[in-house]
Every structure is written in structure tokens, then in C-alpha cells.
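What follows is a single structure, written as C-alpha cells, with notes after it.
Read the figures in this text as sums done on the coordinates, not as results from a lab. This is a predicted model, so every value here is computed, not measured. All Cβ positions, glycine included, derive from the backbone under ideal geometry; neighbour counts span all protein chains shown.
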Amino acid sequence: MRIVVSGAAGFIGSHLCDRLVAEGHTVVGLDSFITGRRENIAQLADHPRFQLLQQDVSQPFELPGPVDYVLHLASPASPKDYLEHPIATLDTGSLGTRRMLELALRDRARFLLTSTSECYGDPLEHPQKETYWGNVNPVGPRSCYDESKRFAEALTMAYHRVHGLETNIARIFNTYGPRMQLDDGRVVPAFIDQALRGDPLTVYGNGSQTRSFCYVSDLVEGLCRLMDSGERYPVNLGNPREMTIREFAEQIRRMTGSRSPVIFRELPEDDPRQRRPDISKARRLLGWEPKVGLEEGLRMTIEYFRNAPRPAYTGSPS
Ligand code: UDP
């Protein structure tokens with residue numbers, strides 16, 4: 001197949017492109033490079049079946065040649081990034097999704113939207129099932145991300161209903177692994193970087209909020225299975241192993257052998273108190289569940305960050 005991937009130079013996008021090219025597909029990657037990085041996709045730069053175009057998908061563009069599948073991953077995804085780029089985030093989720101859907105419609109290609117657990121906002125139902133409608137503050141600082149993804153889901157369903165487009169929607173929960181940006185502000189790279197530097201680990205609030213972390217290869221496997229399915233409604237993809245952020249800090253200290261202290265900082269506004277996917281739908285429909293345990297996934301991620309360029313890094317921790 002000839003597959004168009006928006007957000008191809010992002011963390012998840014680049015892993016997905018690796019997988020699709022390895023499976024024999026031809027991939028056209030699009031990225032605005034607002035948060036994506038060329039280094040993420042350098043391994044595919046000279047591949048005959050891979051092409052990377054700098055393109056902000058919220059702007060008009062032409063993409064010649066037939067397209068079989070459109071995978072729309074483009075969006076800032078770290079709270080730090082979308083808080084810095086709220087309008088670009090809203091544009092990518094709205095205008096960008098519209099343009100990617102139109103591209104799919106042009107060739108009657110199949111379409112997959114990567115949505116987010118943020119659709120559930122600060123959830124009042126726990127764990128979160130796809131049938132939960134969410135608890136989102138529409139005017140809070142995170143709304144640029146949450147609402148643009150909710151709008152993107154609504155738009156995707158409208159294209160399916162009006163045009164009969166074959167669509168899929170993945171609701172992705174916290175995902176981690178190599179190629180996350182050290183300074184993107186998310187808790188996984190933040191704690192690993194702090195631990196490796198010997199700096200204090202900055203826990204926001206009292207650290208009792210929970211998250212559930214999924215390793216990137218598991219997530220990519222889930223996306224590929226969803227692509228092959230006929231499920232039109234959203235499917236949660238994430239790892240149901242839940243922990244508090246305080247516990248997560250301890251885990252990182254242990255695994256890096258760091259003596260960094262844990263310090264507490266103000267909890268960001270509207271930070272969800274708890275998050276854990278109910279993945280029974282993905283299990284039932286896709287036969288999918290995560291395979292990589294937290295320790296194994298973190299070991300690979302810590303190894304990656306140890307070797308990542310870190311100008312001020314002063315040496316190995318004990
Ligand atoms: N967090 C933290 N310290 C950090 C970065 C994040 O305690 O240096 C917390 C954050 O407040 C949230 C959780 O870790 O409760 C996960 O944050 P992240 O930005 O990774 O993703 P989110 O799940 O909020 O989108």
C-alpha cells in the first residue's frame with residue numbers, strides 16, 4: 001500500500017513509519033517540525049520506499065499519486081508543547097484533520113485518526129471505557145488539545161457517516177520509549193533526564209495522581225491491528241498497569257541507580273487525577289494487549305536516554 005502518515009517525524013509517528021516500511025509499504029511522511037524532529041526518521045532518509053515532506057497539514061497542500069491509507073498522527077502531544085502552541089494544536093486537530101480526511105476521500109483511501117485519552121479529561125469514571133463521554137474543561141489550558149481531538153473524532157465519524165469513508169479512531173493513553181524528546185516536559189523523559197543528571201525529580205502536586213504507561217512497540221502493534229479492523233468507533237490503546245506519579249518517581253530512581261531527591265512542584269491546572277485504560281474492547285476486537293512490561297520498557301528507554309546527546313550531563317550516576 002501507499003500510506004500517508006502525518007506527524008511522521010514525531011515520537012510515535014517515526015516508530016510507525018519504521019514498521020510500515022519494514023512490512024513492505026511505501027510511506028509518504030508529512031511533518032511540520034513544530035515538535036517533530038528529523039533525527040527521529042534519519043534511519044529511513046535514504047530508503048527508496050520512504051519520502052518525508054515538510055508540511056503543516058492545517059495548510060492547503062497537494063499530494064500527487066494514489067493513496068491507499070491515510071494515518072493522521074500530527075499534533076503536539078506533550079502538555080508543555082500544546083500549551084506553547086495552543087492555536088497550532090487546535091488548527092492541526094480541526095483544519096489538519098479535515099485536510100487529511102479530504103485526502104482520504106479523494107482516493108477513497110482508508111483513514112485512521114490517533115486520538116487521545118485526553119478526550120476523557122479529568123475522568124469521573126475509572127478505568128476509562130470507550131463509552132465514557134469524558135469530563136473536559138472546554139476553556140481550560142488543556143482544552144486546545146482535548147477539544148481539538150474531540151472535534152477530530154466528531155469530524156472523522158461525520159466523514160464515515162456522510163461519505164461512507166472507512167475510518168478508525170485510536171484513543172492513545174500515555175506512551176513512552178526511545179525518541180521521546182528529553183525536554184518535552186512529559187513525565188517519562190523528565191524523570192529519566194533528572195535522575196541521570198543527578199537533579200531533583202520534580203513531582204507535580206503530591207504525586208498521588210495516576211497514569212498507566214504503554215511501551216511504544218506495543219502501541220504501534222495496536223495501531224496496525226486497528227488499521228486492519230472494520231471498527232469505526234474509538235478503541236482505547238494503552239497499558240492498564242496504573243501507578244501513582246510518586247511511585248513512578250521511585251521506580252525511575254531505582255532503575256537508574258540515582259540518588260536524586262524527589263521535590264514537589266505545583267500541580268498544573270486541570271491535570272487529570274487518574275488515568276487507566278479499559279482495554280477489553282481492544283482485546284476482544286483486535287486480540288491485542290501490551291506485551292512489554294514496565295521494567296523492560298523503561299530499561300530500553302533509559303538506555304536510549306543515556307546515549308542521547310545531553311550537553312550538560314556530568315557523568316554516570318552511581
Ligand atoms: N508530571 C510530574 N513531573 C514532571 C512532569 C509531569 O509530576 O516533571 C506529572 C503531571 O503533572 C501528570 C503526569 O506526571 O500528572 C503525567 O504528565 P505528562 O506530562 O507526562 O502527561 P499527561 O498524562 O499529563 O498528558
For this session: Please compute the net charge surrounding Pro178, taking Lys and Arg as +1 and Asp and Glu as -1 over other residues with Cβ under 12 Å from its Cβ.
Result: 0
Problem set entry | trypsin sites (Lys or Arg not before Pro) within region 118-208: DSSP coil, no more than 15 neighbouring Cβ in 10 Å | Lys129
Seminar exercise, completed: Note to self: C-alpha centroids of region 26-97 and region 155-227 sit apart, in Å, by 17 Å
Exercise. What are the lysines whose alpha-carbon lies under 19 Å from the alpha-carbon of Lys129, with same-chain residues fewer than 8 places away excluded?
Worked result: Lys149, Lys281
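Expressed in nm to one decimal, what extension gain is obtained for the pair Arg284 and Thr244 from 0.36 nm per residue of sequence separation less their Cα-Cα distance? Intermediate values should be presented prior to the final figure.
Numbers: separation 40, 0.36 × 40 = 14.40 nm, distance 2.77 nm.
Roughly 11.6 nm would be gained on extension.
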For this session: Please compute the net charge surrounding Cys144, taking Lys and Arg as +1 and Asp and Glu as -1 over other residues with Cβ under 11 Å from its Cβ.
Result: -4
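For a quick check of your reading of the filter: which chymotrypsin sites (Phe, Trp or Tyr not before Pro) in region 211-318 sit in a DSSP loop and have no more than 16 other Cβ atoms within 10 Å? Each step should come with its number before you reach the end.
Details: sites: Phe213, Tyr215, Phe248, Phe264, Trp288, Tyr304, Phe305, Tyr313; in loops: Phe213, Trp288, Tyr313.
When the chymotrypsin sites (Phe, Trp or Tyr not before Pro) of region 211-318 are filtered for loop state and at most 16 Cβ neighbours within 10 Å, Tyr313 remain.
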For this session: Can you tell me the FRET efficiency between Met255 and Arg108 if r is taken as the Cβ-Cβ distance and R0 is 45 Å, rounded to the nearest 0.05?
Result: 0.40
Problem set entry | Charge tally in the Cβ shell below 10 Å around Lys129, where Lys, Arg are +1 and Asp, Glu are -1, Lys129 excluded | -2
Problem set entry | For the chain, the fraction of alpha-carbon pairs in successive 20 Å shells from zero, as % | 33, 59, 7, 0
For this session: In whole angstrom, note down how far apart the Cα centers of region 117-141 and region 233-261 are.
Result: 21 Å
Seminar exercise, completed: Relative to the chain, whose Cα atoms define the longest principal axis, helix 294-307 and its Cα axis are tilted in degrees, nearest 10, by 80 degrees
For this session: Treat each spin label as a single point 7 Å out from the Cα along the C-beta direction, and report the Arg197 to Glu23 distance in nm.
Result: 3.8 nm
For this session: Kindly state, to the nearest 0.05, the FRET efficiency for Glu296 paired with Arg49, given R0 = 35 Å and r defined as their beta-carbon distance.
Result: 0.70
Exercise. Going by alpha carbons, how many degrees (0 to 90, nearest 10) lie between the helix axis of 216-227 and the longest principal axis of the chain?
Worked result: 20 degrees
